[in-house]
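For reference, the structure discussed in these notes is given below.
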Amino acid sequence: MTSTGFKELPQKLNLGCGRRRIADALNVDINRDVEPDLECDLDRLPWPLPAGHFTEVFAYDVIEHCVNVLAVMEEIHRVTREGAVVRITVPHFSCANAFTDPTHRHFFGISSFNYVTGYDNFALYTKGRF
């Protein structure tokens, strides 16, 4: 049994799960009240997860809460296998909710993630590529 309660670490990773748990994933959150499989502050790097393990990562409405978006993206890159699928949603800066939630630290436009995909030569600040 791992420290997360799983006999074997799942291949899917659900970051900032909140109340949206995914049954066959390792559900990670900083808030112990949502009873995550792993209580973890995503801003404390490196995460207590193995490199190159996960085949799918979900980060729904969590990246905007992190202190250093690029460092978190690099950490996601570290824990995923080659060819992994990474699904991220963030509120667009034009959405009222982007500014309504006082815990949002960052705001995103349509090209924000180009900095980690290498699209159009934007990848200047990080080595992690998706």
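Of everything in the range 11-46 that is in contact with a Lys or Arg (Cβ under 9 Å, 6 or more places away or on another chain) and among the polar types (S, T, N, Q), the residue that is nearest to residue 62 (Cα to Cα) is 14. Where strands (runs of 3 or more DSSP E) fall wholly inside the range 18-115, no range has 2 or more residues that are at positive phi.
When the range 44-85 is filtered for residues that are among the aliphatic types (A, V, I, L, M), surrounded by fewer than 18 Cβ atoms within 10 Å (Cβ to Cβ) and under 13 Å from residue 128 (Cβ atoms), the ones remaining, listed by number, are 45, 51, 70, 71. Given the condition touching a Cys at 6+ places or on another chain (Cβ under 8 Å) and modelled with pLDDT of 80 or more, answer yes or no: does some residue in the range 87-97 qualify? There is no residue in the range 87-97 that is touching a Cys at 6+ places or on another chain (Cβ under 8 Å) and modelled with pLDDT of 80 or more.
The values are calculated or read from the model by the stated rules, or taken from the named source; none is laboratory data. Since the model is a prediction, treat every value here as computed from it, not as a measurement. We place every Cβ from the backbone using ideal geometry, glycine too, and count neighbours over all the protein chains shown.
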